[in-house]
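The values are calculated or read from the model by the stated rules, or taken from the named source; none is laboratory data. Since the structure is predicted, the reported quantities are computational estimates derived from the model, not experimental observations. Neighbour counts run over all protein chains shown; Cβ positions are idealised from the backbone, glycine included. Side chains included, ligands, DNA and RNA excluded: accessible areas come from the protein's heavy atoms. Shrake-Rupley method; radii C 1.70, N 1.55, O 1.52, S 1.80 Å.
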Amino acid sequence: MRAVGILAGFLVGMVFLASYLVSGAAPEPNKDDADYQQRVAGRIAPPARVAIAGKDNSAIKTGDAAPALSSPAPAGHVLPGEQVYTTTCIACHGAGVAGAPKFGDKGAWAPRLGQGLAVLHKHALEGFQGKAGVMPAKGGRTDLADQSVLNAVDYMANAAK
């Protein structure tokens, strides 16, 4: 009878040991380790940073925030307007978010086009806050070349003419 009790105790101990090993329990990490600190910083970093018109946005650098949904363009690489629209501008101009004129909506674009392309280009590059809505500088994609943004503005303006 005594042997059965010892055997039962041994089996219970083995079950606990096996469940501990299977659970993937690991020893407490060294919090002073640089790799550990970098992983934690990556997990708690804000998902995005937004450039705000009229504010100092110099702290926002390419690669400083979490990866964007679309991959950043190489510095100085000029993209066609349609590509910039479909990867960036469509987020607001596709649904009219924050007062953005919808793509191809002649009525919404008419007052803006009446100001001239130079004004539209300036607002797209530098950002703008008006009565009708808000346009962040470069649509929030500070990694885009200025000419890529201008190409997107021209693409959207041509669709609304």
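Which one of these is of a type in the set (Gly, Ala, Ser), open to solvent by 30 Å² or more (accessible area, probe 1.4 Å), more than 17 Å from ALA53 (Cα to Cα) and assigned to a helix (DSSP H, G or I): ALA118, ALA95?
Matching residue, one of ALA118, ALA95: ALA118.
Does the range 49-59 contain at least one residue that is modelled with pLDDT of 85 or more and over 15 Å from the mean Cα position of the chain (by Cα)? If you could, list the steps in order and put the result at the bottom.
Here is the first cut: in the range 49-59, the ones modelled with pLDDT of 85 or more are none.
No, because not a single residue in the range 49-59 is modelled with pLDDT of 85 or more and over 15 Å from the mean Cα position of the chain (by Cα).
Any residue in the range 122-139 that's at positive phi: show its pairings with residues that are modelled with pLDDT of 90 or more and in a strand (DSSP E or B) at Cβ separation under 8 Å, as long as the two are six or more apart or on different chains.
Close Cβ pairs satisfying both conditions: GLY127/MET135.
Regarding VAL134, is this residue closer than 25 Å to SER58 by Cβ, hydrophobic (A, V, I, L, M, F, W, C) and buried (at least 16 other Cβ atoms within 10 Å of the Cβ)? Give the steps one after another, and end with the answer.
Working: closer than 25 Å to SER58 by Cβ: yes; hydrophobic (A, V, I, L, M, F, W, C): yes; buried (at least 16 other Cβ atoms within 10 Å of the Cβ): no.
Judged against the criteria, VAL134 is not a match.
It is to be established whether one or more residues within the range 137-148 are farther than 16 Å from ILE90 by Cα and touching a Gly at 6+ places or on another chain (Cβ under 7 Å).
Yes; the residues of the range 137-148 include at least one that is farther than 16 Å from ILE90 by Cα and touching a Gly at 6+ places or on another chain (Cβ under 7 Å).
Could you list, in sequence order, the residues of the range 1-53 that are among the charged types (D, E, K, R) and surrounded by 10 or more Cβ atoms within 10 Å (Cβ to Cβ)?
Filtering the range 1-53 down to residues among the charged types (D, E, K, R) leaves 2, 28, 31-33, 35, 39, 43, 49.
Those that are among the charged types (D, E, K, R) and surrounded by 10 or more Cβ atoms within 10 Å (Cβ to Cβ): ASP33, ARG39, ARG49.
How about the range 99-111: which of its residues are without any contact (Cβ under 8 Å) to a residue 40 or more places away in the chain and surrounded by 13 or more Cβ atoms within 10 Å (Cβ to Cβ)? Talk me through it step by step, then tell me what you get.
Going residue by residue through the range 99-111, those that are without any contact (Cβ under 8 Å) to a residue 40 or more places away in the chain are 99-100, 102, 107, 111.
Those that are without any contact (Cβ under 8 Å) to a residue 40 or more places away in the chain and surrounded by 13 or more Cβ atoms within 10 Å (Cβ to Cβ): GLY99, ALA100, LYS102.
Report yes if some residue within the range 66-78 is at pLDDT 75 or above and open to solvent by 40 Å² or more (accessible area, probe 1.4 Å); otherwise report no.
Taking the range 66-78 and keeping what is at pLDDT 75 or above, we get 77-78.
From what's left, open to solvent by 40 Å² or more (accessible area, probe 1.4 Å): 77-78.
Yes, there is a match, as at least one residue in the range 66-78 is at pLDDT 75 or above and open to solvent by 40 Å² or more (accessible area, probe 1.4 Å).
Do you know which residues across the range 137-161 are assigned to a loop (DSSP other than H, G, I, E, B), more than 24 Å from the chain's Cα centre (by Cα) and surrounded by 14 or more Cβ atoms within 10 Å (Cβ to Cβ)?
Taking the range 137-161 and keeping what is assigned to a loop (DSSP other than H, G, I, E, B), we get 141-145, 160-161.
After this cut, where a residue has to be more than 24 Å from the chain's Cα centre (by Cα) as well, the list is 160-161.
Result: ALA160, single match.
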